[in-house]
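Worksheet for the structure shown next.
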Amino acid sequence: MLNARQQPDQFPRRILVAVTGLSPQIVTETLYALAVAPTANAFIPTEMHLITTRSGAEKARLALLSEEPGWFHRLSRDYALPPIDFTAATIHVLEDAGGRPLDDIRSPEDNRRAADGITALIREFTADPDCALHVSIAGGRKTMGFFLGYALSLYGRPQDKLSHVLVSEPFESSLGFYYPTPSSRVLEMPGGRLVDCASAQVTLAELPFVSLRHGLPEALLTGRASYNETVEAARHALAPAELQIDLEARRVRAGGKAFALPPAELALLSVFARRALRGEAPLPAPAKELPDADWKLRYLVELRWIAGPMKDLDETERALRLGMDGGYFSAHLSKLKKILRRELGPAAEPYLISDGGSRPRRYRLELRSEAIWFGPVDSATPELAPTRSNSASA
């Protein structure tokens, strides 16, 4: 359960984000439902942002921000809302590959650009820890609403909310209805029927979503990854862990991502990967300041595979002349953990060398043997069975 600091209405920066098409009414309807209709914990935005096309932006500007009819300004005056930062500058127009405003989403390329633009905006907002986000998917094309909701699922935090606004009949289908007015305002419907806007009911349907943020690497939370890249990272974070080790190229593939490891750290990871392949028992670390000859041997075997037959390992062999001690082991284990966390974020957990969690410490790689193989990382289809068999006997 959220504590008081985490309640969305308590955050100093409160942002309403909505996608709109040619029906800007969704903006005032959602604002009314959030800020006016609730009996408790009203979410009054400090700023509002719209994501739309060029024609949608023009219609929103004229309908909501103009001097007349200026429905946003009217609502704010009618219900004495505090200042909300909502201007033409907070209306975000999606762009095509050439940087030109999109008139509509008509092609696969337009679709991709829309996804990237929406994802980038949500990533930017959720990077601010002092911000609570409320996202409405009630307006715009269905694809825009989907991308907006999915972007929040990728990046959303506990204080962020997703919703759809519901408007009572017959106002739902009226282009002239913007919000329930505090006093009578008569509206003529198609066919000549007269209705009073003051009697309209507008409610918010909150949509629960699963946050995948914890599975994304830090680089995707702070960088400029595309929608497809972010989704792919989330998929790998949720998929069963698999580790591929390429000693010759000094690269690994983990969590669906290929990256380089320094020889010393790669050798240490390889020691534990081979033991996991063979189903061997966890190992104690070398004792502190007490060189261990067995550890030296198993480590140098891996390092020679990495360095190749012609490479000189005199410096490492001098450092391990009497054996590997606890200090050497701990330093490289710590560096390995740091690199894996940097590359994979929270998805690194299955690939970290575990100490067992209790004393006496026993170290192991807790992956299934069938999830580990040795072979070229960049090969399209590694030959799993032969490679595993060969590597396990090395």
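The values are calculated or read from the model by the stated rules, or taken from the named source; none is laboratory data. Note that this is a predicted model, so its numbers are computed, not measured. Here the Cβ positions follow ideal geometry from the backbone for every residue, glycine too, while neighbour counts run over all protein chains shown. Ligands, DNA and RNA are excluded from the accessible area calculation, which covers all protein heavy atoms including side chains. Shrake-Rupley method; radii C 1.70, N 1.55, O 1.52, S 1.80 Å.
Overview of values
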{"item": "Of the DSSP H helices in the chain, those whose Cα atoms cover at least 18 Å axially and whose Kyte score averages 0.5 or more", "result": "142-155, 263-278"}
{"item": "Neighbourhood charge, 12 Å Cβ-Cβ cut-off, centred on residue 293 and excluding it, Lys, Arg +1 and Asp, Glu -1", "result": "0"}
{"item": "Dipole of the chain, positive end: most advanced residue of 162, 139, 35 [Cβ charges, Cα centre]", "result": "162"}
{"item": "Max mean-square fluctuation residue, GNM over the chain, Cα-Cα springs under 10 Å, options 127, 260, 287", "result": "287"}
{"item": "For the chain, built as a Gaussian network whose Cα springs stay under 10 Å, the top-fluctuating residue of 273, 89, 63", "result": "89"}
{"item": "Efficiency of FRET between residue 112 and residue 183 - r from beta-carbon atoms, R0 35 angstrom, step 0.05", "result": "0.15"}
{"item": "Using a Förster distance of 45 Å, the FRET efficiency for residue 226-residue 369 (Cβ separation, nearest 0.05)", "result": "0.80"}
{"item": "Segment 64-90 and segment 128-182: distance between their alpha carbon centers, rounded to Å", "result": "18 Å"}
{"item": "Carbon and sulfur %, accessible surface of the chain computed with the full protein complex present, 1.4 Å", "result": "52 percent"}
{"item": "Separation in nanometres of the label points that stand 7 Å from Cα toward Cβ, at residue 104 and residue 77", "result": "3.6 nm"}
{"item": "Charge dipole (the chain, unit charges on Cβ, about Cα centre) - positive-most of 80, 120, 293", "result": "293"}
{"item": "Residue 332 - accessible surface, heavy atoms, 1.4 Å probe, Å² rounded to 10", "result": "40 Å²"}
{"item": "P(r) histogram, all alpha-carbon pairs of segment 140-193 included - 10 Å bins from 0, percent", "result": "18, 33, 25, 19, 5"}
{"item": "All Cα pairs of segment 257-358, percent lying beyond 23 Å", "result": "26 percent"}
{"item": "Gain upon complete extension [residue 352, residue 211; 0.36 nm per residue less C-alpha separation]", "result": "48.4 nm"}
{"item": "Per-selection metrics, the chain (Cα): Rg and Dmax in Å", "result": "28.8, 97"}
{"item": "Spin-label model distance (nm) - residue 173 vs residue 362, 7 Å beyond Cα toward Cβ", "result": "7.1 nm"}
{"item": "Cα centre as origin, Lys/Arg/Asp/Glu Cβ charges: the chain dipole, Debye", "result": "1120 debye"}
{"item": "Segment 162-202: equivalent-ellipsoid semi-axes (sqrt of 5 x gyration tensor eigenvalues, Cα, Å)", "result": "18, 13, 7"}
{"item": "Kirkwood Rh, angstrom, segment 87-143 [1 / mean 1/r, Cα pairs]", "result": "12.8 Å"}
{"item": "Probe 1.4 Å - accessible area at residue 54, Å² to nearest ten", "result": "120 Å²"}
{"item": "Relative intensity, log₁₀ I(q)/I(0), of segment 37-123 from a Debye sum that treats every alpha carbon as a point, q = 0.15, 0.23 Å⁻¹", "result": "-0.67, -1.10"}
{"item": "Relative contact order (%) - the chain, alpha-carbon pairs under 8 angstrom, separation at least six", "result": "14 percent"}
{"item": "Hydrodynamic radius of segment 90-223 per Kirkwood, over alpha carbon pairs, in Å", "result": "17.2 Å"}
{"item": "Added length on full extension, which subtracts the Cα-Cα distance from 0.36 nm per residue, residue 330 to residue 55", "result": "93.0 nm"}
{"item": "Choice from 154, 175, 16 showing the highest fluctuation, given a GNM over the chain with Cα pairs closer than 10 Å", "result": "175"}
{"item": "Accessible area (Å², per residue) of segment 92-133, counting only protein heavy atoms and a probe of 1.4 Å", "result": "46 Å²"}
{"item": "Share of pairwise Cα separations in segment 293-344, more than 13 Å, in percent", "result": "65 percent"}
